[in-house]
1. Can you tell me which residue within the range 45-56, out of those that are in contact (Cβ under 8 Å) with a residue 60 or more places away in the chain and out of contact with any Phe, Trp or Tyr (no Cβ under 6 Å at 6 or more places or on another chain), is nearest to residue 169 (Cα to Cα)?
2. Considering each of 189, 149, 199 in turn, give the residue that is of a type in the set (Lys, Arg) and modelled with pLDDT under 95.
3. Test each condition in (1) surrounded by 22 or more Cβ atoms within 10 Å (Cβ to Cβ); (2) not in a strand (DSSP E or B) for residue 167 and report the one that comes out false.
4. Quick check on the range 126-163: of everything there that is hydrophobic (A, V, I, L, M, F, W, C) and part of a helix (DSSP H, G or I), which residue is farthest from the chain's Cα centre (by Cα)?
5. Which of the following residues is exposed (fewer than 15 other Cβ atoms within 10 Å of the Cβ) and of a type in the set (Ser, Thr, Tyr): 142, 150, 118, 94?
6. Quick check, is residue 137 within 19 Å of residue 61 (Cβ to Cβ), touching a Gly at 6+ places or on another chain (Cβ under 7 Å) and surrounded by fewer than 20 Cβ atoms within 10 Å (Cβ to Cβ)?
7. Suppose we filter 207, 230 for residues that are assigned to a loop (DSSP other than H, G, I, E, B), aliphatic (A, V, I, L, M) and at pLDDT below 90; which single one remains?
8. For the structure I just gave you, tell me whether residue 119 is of a type outside the set (A, V, I, L, M) and touching a Ser or Thr at 6+ places or on another chain (Cβ under 6 Å).
Amino acid sequence: MRKFILVLSLLLTFANADTIGIKEKLGVMVPLDLTFIDEESKSKTLKELMDGKPTILTLNYFRCAGICTPQLNDLAKMLSRLDLAENTDYKVLTVSFAEDEPADLAAAKRKNLLASMTREYVADAWHFVIGENNSSGVLADTVGFSFQKTVADNGKVDYIHTAALIVLSPEGKVTRYLNGIEQLPFNAKISLIDAAEGKIGSTIAKALPYCFAYDAKGKTYIFAWEKFAAIIMLTLVFGFFYFLVKSGRKEDDHQKKGENNE
């Protein structure tokens, strides 16, 4: 019994540990009264930004040297091919979770991405915003998107995070997660159609890439050793648990054989 209590306590420790990634919260309602600063430095509520449309939400930071740029570039490419009318059938909202990014940086990012698209795209359909009064942090927590702030020796701030598109219904309900950097227009279309009806869909693509902090001096990405260590420890715990179960069964069989021989 003591063996099983020990294993259970270890499992609970790791289960309650903070992790970087996404803890899906399908069906949760996001607070539509959260306010953000848009590309024109105007304060707008999430409700105003969504404008009663199903919305593709991305959480990034605009100075990101990792997966944010590939993700947003792919999103622009995918939206160019999406067989739905932007600003009528859906909205797109890219929220910065960084604490110090200015509105002009959001505007520049938006301008570059819209210019990269292969067709005329209604600019008002895709907004780039920064948080106000920790609104981006509240939003990220509500949809289950966690990240970790890192500060280099030179004071440079980065964030370890993952990439996903999170689809919201017009009422602000989380209806689907599309994990990863590259997304198919068909998957996005079905997700938005379902979201328009408030239908919750299954997650698409479970594999999650992670953005690590960039070490400019070493010209490399800093490995998220905490995440790797947690995975290794969980593997060892489950392996130890399996060993205890197997050894316990062998001990019971041995005792039963001894009793039968008596």
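1. 55
2. The conditions single out 149.
3. Answer for residue 167: the failing condition is (2).
4. Here the residue is 138.
5. The conditions single out 118.
6. For residue 137, the condition - within 19 Å of residue 61 (Cβ to Cβ), touching a Gly at 6+ places or on another chain (Cβ under 7 Å) and surrounded by fewer than 20 Cβ atoms within 10 Å (Cβ to Cβ) - is met.
7. Exactly one of 207, 230 is assigned to a loop (DSSP other than H, G, I, E, B), aliphatic (A, V, I, L, M) and at pLDDT below 90, namely 207.
8. Judged against the criteria, residue 119 is a match.
The values are calculated or read from the model by the stated rules, or taken from the named source; none is laboratory data. What you are looking at is a predicted structure, and each value in this text was computed from that prediction instead of being measured. Reconstructed Cβ throughout: ideal geometry from the backbone, glycine too, with neighbour counts over all protein chains shown.
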